[in-house]
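Heads up, the thing below is written out as structure tokens.
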């Protein structure tokens, strides 16, 4: 791909670094920006830069937030005794889009995967254990991707909290084993949440 402008080429190169964006798509995006008013492009870049500078992570659940506590944790209308454990922020967004869940979340920041060098200490597992110990949590819902790493993480956390009087469930496996929670349709996610099962029953059935 030949460019008559190094500025254009540099912009295309940066856009192409985004996930799922190839050089051709990056070029279309850059050319679109070139057709916009300078003020609009400056506003776009400032919004992105400000997001990166000022965004925080919730001190309670590790979801993204504008302040120390995210809007979900701060919402008194949501069930404070119900925690849904997810791998990433994208999973929070996916579940919220179903409008079928009214509790809180806990973002682990990944799952246990020794082959990838990810152990329990690199995740927010201890913070989750502390939450359950300090808060009146009645149920912990695991909504992790249905694969070996997800199951390993569930097993590890379940062992860590077995002394606490909290019901432990996992979303129903309407989501295929080995699939990605992020790509599940909203109806499948909603039904999985509604038909969640005790972890013991799920593990026993494997």
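Scanning segment 76-88 for residues that are outside any strand (DSSP E or B) and under 12 Å from residue 143 (Cα atoms) yields 87, 88. For segment 95-144, a tally of residues being within 13 Å of residue 181 (Cβ to Cβ) and either part of a helix (DSSP H, G or I) or outside the structural domain of residue 162 (by TED's automatic domain parsing) (or both) returns 2. The lone criterion from (1) free of Cβ contacts under 8 Å to residues at least 12 places away in the same chain; (2) more than 15 Å from the chain's Cα centre (by Cα) left unmet by residue 120 is number (1). Note on segment 137-153: among residues that are over 19 Å from residue 103 (Cα atoms) and surrounded by fewer than 21 Cβ atoms within 10 Å (Cβ to Cβ), the one that is modelled with the lowest pLDDT is 147. Within segment 47-71, residues that are touching a residue at least 12 places away in the same chain (Cβ under 8 Å) sit with their Cβ atoms under 8 Å from residues that are loosely packed, with under 10 Cβ neighbours inside 10 Å, at 6+ positions apart or across chains, in these pairs: 66/54. Against the numbered list (1) farther than 30 Å from residue 131 by Cα; (2) within 27 Å of the chain's Cα centre (by Cα); (3) surrounded by 10 or more Cβ atoms within 10 Å (Cβ to Cβ), residue 20 comes up short only at (3).
The values are calculated or read from the model by the stated rules, or taken from the named source; none is laboratory data. In this text, all values refer to a predicted model and were calculated from it rather than measured experimentally. Glycine also receives a Cβ, built like all others from the backbone with ideal geometry; neighbour counts cover every protein chain displayed.
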